[in-house]
1. For the stretch 10-63, what is the largest minus smallest coordinate of the Cα atoms on each principal axis, given in angstrom and ordered from greatest to least?
2. Take the alpha carbon atoms of the stretch 175-240, find their center, do the same for the stretch 81-156, and report the distance between the two centers in whole angstrom.
3. Do any of Lys46/Lys105; Lys93/Lys229; Lys108/Lys221; Lys46/Lys108; Lys105/Lys137; Lys37/Lys137 go past 32 Å between their Cα atoms, and which?
4. Whole-Å semi-axes of the stretch 120-240's equivalent ellipsoid, largest first, each the root of 5 times a Cα gyration tensor eigenvalue?
5. Return the tail of the calculated pair distribution for the chain, meaning the percent of Cα-Cα pairs more than 22 Å apart.
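Every read-out reported here was derived from the displayed coordinates using simple, explicitly stated rules and does not represent laboratory data. All figures in this text were calculated on a predicted structure; none of them were measured in a lab.
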Amino acid sequence: MPEFDTSTPVGEWVAEFPQTSRVFQELQIDFCCGGGKPLSEACEAKGLDPDLVASRLSESLATASDEPTQNWSESTLCDLCNHIEATHHAYLKTELPRLGELVDKVAKVHGGNHPEFIELRTVFGDLRSELEPHLMKEEQILFPAIRQLESAASRPSFPFGTVANPIRMMEHEHDNAGSALKRIRDLMSDFVVPDEACNTWRAMLHGLEALELDLHQHVHKENNILFPKAQQLEASETAT
């Protein structure tokens, strides 16, 4: 059983022990965009005791049986790119349109008595408008470059210079998505289903919470594993 060091960045814990993501998600500790923060700092921001959180993380490893166990930090960059596209990109391409219809319907039906649904429609619409071209930029520009980096004997030449340039843009858009997800959670009162909720309302809340979890996993794999490894590989190829 590993000893959790509270000075280790949150993202590194999830990269090494994917099972711990459930604990961070439950405690609303950002392990994707904010994955560079030490566990102690992330806990302090939430008013949590780092030692107690570390104990919960250890327990999650001791009791986990059906949690995700794939350690993507040990995979090739090509395999990780393929996994992200086949899993997280495919999910978003299906869910964003479906959730958009639900959000729009709930806003039209219940927005008069619940103005938070009007803002939700705007926030979700902005998130979708940025995510859809974001996926295209990764699939058509960044991921092919990362695959080329891994397969080339020496550093290839890219029209955008170094992979750090598109990565920087992707990370900025990840930050925007993280802010939108936080606002959606706040607007939807942590996705608690009220008694008055109709089935469409309930389906929307369930879908938005699932979207948040998937995006957190998605961004974590890119920000904390794929992007750093790609930049390290490029730097090593430059040195040789």
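1. In descending order, the Cα extents are 27, 21, 16 Å.
2. For the stretch 175-240 versus the stretch 81-156, the Cα centre distance is 10 Å.
3. Lys46/Lys105; Lys108/Lys221; Lys46/Lys108, as the Cα separations exceed 32 Å there.
4. Each semi-axis is the square root of five times an eigenvalue, giving 37, 12, 11 Å.
5. Across the chain, Cα pairs with separations above 22 Å total 58 percent.
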